[in-house]
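Q: Here you go, one structure.
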Amino acid sequence: MKENFKIALLPGDGIGPEVIQEAVKILKIVGKKLNLTLETEQVPVGGAGYEATGHPLPEESLKAAKNADAVLLGAVGGPKWENLDFSLRPERALLGLRSSLQLYANLRPAKIFPALLEASTLKREVVEGLDIMVVRELTGGIYFGEPRGVETLADGTRKGVNTLVYTEPEIERIAKIAFQVAGKRDKKVLSVDKANVLEATGLWREVVTRVQKDFSDIELQHMYVDNCAMQLVRDPNQFDVIVTTNMFGDILSDEASMLTGSIGMLPSASVGGETGMYEPIHGSAPDIAGQGKANPLATILSVGMMFKYSLNREEVDSWIEKAVESVLNKGVRTPDIMSKGMKEVGTTEMGDLVAEELEKNGI
Ligand code: NAD
C-alpha cells in the first residue's frame, strides 16, 4: 500500500488558517502513528491568493493542488474582497479548483454527536442517532448549463435564463459514487429529483435506476425534492445516502447539516478526479476571525474523510471521530457549541485536546 502522500494545504481567508493549523496537528499525529510520509505544501487561495498574485486561484496554487494526492482547504472570502469583479472574487477559487480537479461529487455527512444533541433546533427524539450522507452532483446541472444570462428584449424588458442540463454519463458517474458510498454504510440510497415537472430529472431517475442494477445489495428509492425537504425535518433518520442534482444538493445538504445544530462541526469531501478536496462546510467567518474562537472540529473531521476517500486509510476516519466524540464527552466546547455547565475553550486548545486524545487512545 502506498505510504508517501503529498497534501496541498490551502488555508484561505478569515478563520481558514486558524482551523487548518489545528487540522495539521492531527495530520502529523496520524502520519507518525501509521508511519506515513505526508509531505505538505501550503499555498494561498481566495482573498489570500488575490493579495499575493492578483488572482484568487494563483497558477502555483492550482499546480500544487493538481500535484497532490489530496487537498485540504480552510475557507475563502471576506468583506475586503466583496466589491471585486465577479471573476476575481475569492469564491471563484472554489469553482476553479472543482472544475480543474474534476470534482463532480460532493459528499456531505450530517452526523450528530450525542454530546451535542441539545445544539439542534429540532427535538431530541427526531435527531437522535442522525447519520446521513448527502451526495451532491457538483459540476453539472443548472449552475453550469447553457444558455444562461440576462438579455434585454425588444420591448425593453429583461429576461433571465438558466438551463438545467444532465447527460447520461454525468448521471451514471454520480450514481455510482452514491451506491459505492452506501455500500460502506447502511446500503440505502434515496435519489432526489423533480421528475414530475423537469424532463432532465426524469432522465436522472431513469439512469439512477439503471445503475442500481450493478449494485444489487443496495436498496434504491426515489423522492421528489419538495417531499425530501419536508421529510428531512419530519423524520431524518429514515435516510442513509441521499443523491441528487447540483442545485437540489446545495439546498438539501445545508438543510441536512443544520439538523445537527452547528456549522462548525461538519466536514465535506469533493471527489471524482485523481485528487480529492476536503474542507469544512463553513465559510471564513469574518465576524470571529483572528479571535481564537473558531471551532476547528469540522476541519479536523475533514482530515478523517481525506484518509478514508483519498489516502486509502479508511479506519482513520472513525479514529478521528472517536477522538472528537471523547473530547466532547468530557464537556469541552468552543463558543459556537457552548452550553451551560460546559468548559469553554478556544481554537488551539480544542485542536490540542483532540490531538492528545488521538495520541493516547486513537490509533
Ligand atoms: P460563514 O460560514 O463564514 O459564517 C456563518 C456564521 O457561522 C458566522 O456567525 C460564523 O461566525 C459562524 N461560524 C462559521 N464557521 C464557524 C466555526 N468553525 N466556528 C465557529 N463559528 C463558525 O458564512 P458567511 O458569514 O455567510 O460567509 C462569510 C464568508 O465566507 C463570505 O465571504 C462567504 O462567501 C464565504 N464562504 C466561503 C465558503 C467556503 O470557503 N467554502 C463557504 C461559505 C461561505
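The values are calculated or read from the model by the stated rules, or taken from the named source; none is laboratory data. All of these numbers come straight from a predicted model, not from anything done at the bench. Here Cβ is always computed from backbone atoms with ideal geometry, including for glycine, and neighbour counts include all displayed protein chains.
Q: Scan region 1-31 for residues that are over 18 Å from residue 299 (Cβ atoms) and out of contact with any strand residue (DSSP E or B) (no Cβ under 9 Å at 6 or more places or on another chain) and report the count.
A: Result for region 1-31: 2.
Q: For the list (1) closer than 19 Å to residue 40 by Cβ; (2) within 15 Å of the ligand (Cβ to nearest atom); (3) among the β-branched types (Val, Ile, Thr), I need the number of the one condition that residue 324 fails.
A: With (1) closer than 19 Å to residue 40 by Cβ; (2) within 15 Å of the ligand (Cβ to nearest atom); (3) among the β-branched types (Val, Ile, Thr) applied to residue 324, the lone miss is (1).
Q: With region 29-104 as the region, which helices (runs of 4 or more DSSP H) entirely inside it contain at least 2 residues that are closer than 26 Å to residue 247 by Cα and within 13 Å of the ligand (Cβ to nearest atom)?
A: Counting at least 2 such residues, we get 92-100.
Q: Just name the residue that is nearest to residue 131 (Cα to Cα) out of those in region 273-303 that are away from the ligand (no atom under 12 Å from the Cβ) and outside any loop (DSSP other than H, G, I, E, B).
A: Here the residue is 303.
Q: Now, a different point. Residues 83, 67: which one is under 15 Å from residue 42 (Cα atoms) and of a type in the set (S, T, N, Q)?
A: One residue alone meets the criteria, 67.
Q: Also: Answer yes if at least one residue in region 216-238 is within 16 Å of the ligand (Cβ to nearest atom), closer than 27 Å to residue 113 by Cα and surrounded by fewer than 20 Cβ atoms within 10 Å (Cβ to Cβ), and no otherwise.
A: No.
Q: What number of residues within region 239-267 are in a loop (DSSP other than H, G, I, E, B), modelled with pLDDT under 95 and away from the ligand (no atom under 11 Å from the Cβ)?
A: We begin by selecting, within region 239-267, every residue in a loop (DSSP other than H, G, I, E, B); these are 239-240, 245, 259-262, 266.
Cutting the leftovers down to modelled with pLDDT under 95 gives us 259-262, 266.
Pick out the ones that are also away from the ligand (no atom under 11 Å from the Cβ) and you get 259-261.
Residues that pass the stated criteria total 3.
Q: Could you please find all residues in region 56-97 being of a type in the set (Asp, Glu) and touching a Gly at 6+ places or on another chain (Cβ under 6 Å)?
A: The answer is 91, and nothing else.
Q: Here are some conditions: (1) in contact (Cβ under 8 Å) with a residue 24 or more places away in the chain; (2) part of a helix (DSSP H, G or I). Residue 270 meets all but one. Which one does it not meet?
A: For residue 270, the exception is condition (2).
Q: Among the listed residues 145, 202, which satisfies the condition of being without any contact (Cβ under 8 Å) to a residue 12 or more places away in the chain, surrounded by 13 or more Cβ atoms within 10 Å (Cβ to Cβ), small (Gly, Ala, Ser) and more than 27 Å from residue 308 (Cβ to Cβ)?
A: Just one listed residue meets the conditions, 202.
Q: Is one or more of the residues making up region 90-112 within 20 Å of residue 273 (Cβ to Cβ), over 20 Å from the mean Cα position of the chain (by Cα) and not assigned by TED's automatic domain parsing to the domain that holds residue 260?
A: There is no residue in region 90-112 that is within 20 Å of residue 273 (Cβ to Cβ), over 20 Å from the mean Cα position of the chain (by Cα) and not assigned by TED's automatic domain parsing to the domain that holds residue 260.
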